[in-house]
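Reading through the structure tokens given below for one structure.
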Amino acid sequence: MKNYLTASISASAVQHNLQELRKKINPGVQLCPVVKDNCYGHGLNLLYPTLAKHADGFIVASPSEALEIRSYGYTGFILCLLSAYFDETDIQEELIRQGVTQTVMSKAALETVAAAAKRCQKTAPIHLKIDSGMGRLGVAAAQATNLFSLIEKTPHIQLTGAYTHFASSDDPDTTYMHQQLNTFLDVLPKNNPLTRHAANTSALIHHPDTHLDLVRPGLSVYGCHYAEHLRSKINLRPCMSVYAQIIAIKKMPSGSFSGYGRTHQYPRDSRVAVVPIGYGDGYFRSLSNQAVVHIHGKPAAVCGRVSMDQMTVDITDHPQINIGDPVEIISAHATAPNSVENLAKLAHTIPYEITCHMGRNLHHKLVD
């Protein structure tokens with residue numbers, strides 16, 4: 001962690017986003033945010049109190065994330081998307097003792113969870129994941145009926161839910177998404193009142209027929225949009241802004257260069273600030289020579305290639321800027337040129353990658 005790189009996190013923005021998402025879902029549907037990868041880089045430890053107060057449960061990727069939430073005193077529903085690996089028997093048993101619902105998607109996984117539950121002398125709650133067309137994890141839909149039957153016969157196991165994951169719910173053409181939904185619903189047992197879930201953010205916002213019993217919003221919880229055509233459908237507030245400080249100011253004569261590869265040549269005598277953030281901290285190298293930061297509310301262009309732990313910005317037109325001044329790397333205003341979404345566009349990537357990479361070296365602090 002680098003204390004001179006600060007991510008300011010707004011809990012009130014997250015609360016607002018959860019309330020807006022709640023307005024979109026059908027009555028009686030559970031709202032369970034996805035908090036994997038440290039809340040997509042925003043800080044689970046900081047946002048836990050707000051999330052626990054305004055959500056109906058948590059969706060995590062790893063056992064360690066589930067156990068972290070339990071360590072905060074949370075006793076409600078937690079679904080772990082990736083169960084402990086087969087040789088991690090101690091972790092598997094701890095998940096069962098802590099009442100974490102685990103994902104099962106194969107006979108081997110079922111046997112592993114059942115054996116751990118037997119050792120703990122407990123019954124393990126599970127959800128079955130069905131691959132309805134994502135082509136990733138999950139039991140194939142054609143094989144799901146057999147696995148449902150095997151689960152019914154397996155002691156120490158309680159099947160409480162089933163889910164699938166959409167491959168393209170953000171696509172304006174919803175044909176494939178609805179094919180997936182129908183495939184999923186067709187293989188569910190008719191005599192078992194399972195908690196059924198499929199909807200991620202895009203489906204939640206735009207397709208109420210996909211809500212079923214539970215929805216799993218991800219990046220929208222933290223105020224970012226992935227699908228531009230859905231922006232007008234919901235009012236979200238980004239919850240993170242990122243700051244660094246100027247550590248040096250240099251005078252660069254006309255015709256001189258900055259950075260590896262001499263990719264930026266100054267067309268005039270220039271004043272340049274050195275900022276201690278780079279691709280090792282999650283600020284993408286592909287932002288070189290095209291992104292801007294803000295200093296005292298004024299834009300300053302990134303000039304030259306972004307290095308591992310520093311970059312240069314042109315402050316020629318801002319003579320009042322000094323060493324030690326704060327530099328806004330990421331803005332919490334969605335329309336700012338240095339917002340998460342706009343930086344993602346410049347880097348030819350997705351907002352998820354921007355926030356997840358930014359989360360690692362920064363000192364996170366709650367601002368409200």
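Look at (1) within 15 Å of Ala347 (Cα to Cα); (2) part of a loop (DSSP other than H, G, I, E, B) and you find that Ser254 fails only one, number (1). From the list Tyr40, Tyr48, the one residue that fits, being without any contact (Cβ under 8 Å) to a residue 40 or more places away in the chain, in a helix (DSSP H, G or I) and closer than 30 Å to Pro276 by Cα, is Tyr48. In a residue-by-residue description of segment 216-226, the property of being in contact (Cβ under 8 Å) with a residue 12 or more places away in the chain, under 26 Å from Ala55 (Cβ atoms) and charged (D, E, K, R) applies to at least one position. Gly76 meets all of the listed conditions (1) within 18 Å of the chain's Cα centre (by Cα); (2) within 17 Å of Gln102 (Cβ to Cβ); (3) modelled with pLDDT of 95 or more; (4) surrounded by fewer than 17 Cβ atoms within 10 Å (Cβ to Cβ) but one, namely (1).
Looking for something hydroxyl-bearing (Ser, Thr, Tyr), buried (at least 22 other Cβ atoms within 10 Å of the Cβ), out of contact with any helix residue (DSSP H, G or I) (no Cβ under 9 Å at 6 or more places or on another chain) and not assigned by TED's automatic domain parsing to the domain that holds Tyr40 - is there at least one such residue anywhere in segment 316-327? Among the residues of segment 316-327, not one is hydroxyl-bearing (Ser, Thr, Tyr), buried (at least 22 other Cβ atoms within 10 Å of the Cβ), out of contact with any helix residue (DSSP H, G or I) (no Cβ under 9 Å at 6 or more places or on another chain) and not assigned by TED's automatic domain parsing to the domain that holds Tyr40, which makes the answer no. For segment 136-148, the condition holds for no residue, the condition being that it is assigned to a loop (DSSP other than H, G, I, E, B) and either of a type in the set (S, T, N, Q) or farther than 30 Å from Met177 by Cβ (or both).
Selection of first residues in segment 269-295 that are closer than 17 Å to Pro326 by Cα and of second residues that are assigned to a strand (DSSP E or B) and of a type in the set (Phe, Trp, Tyr), restricted to Cβ pairs under 7 Å at least 6 apart or on distinct chains, gives the following pairs, ordered by first then second residue: Pro276/Tyr4. Cβ-Cβ distances below 6 Å connect the following pairs, each with a first residue in segment 1-29 that is of a type in the set (Phe, Trp, Tyr), a second residue that is at pLDDT 95 or above, and a separation of six or more residues or different chains: Tyr4/Gln245.
The values are calculated or read from the model by the stated rules, or taken from the named source; none is laboratory data. This one's a predicted model, so the numbers in the text were calculated from it and none came from an experiment. Note that we place each Cβ from the backbone using ideal geometry, even for glycine, and neighbour counts take in every protein chain shown.
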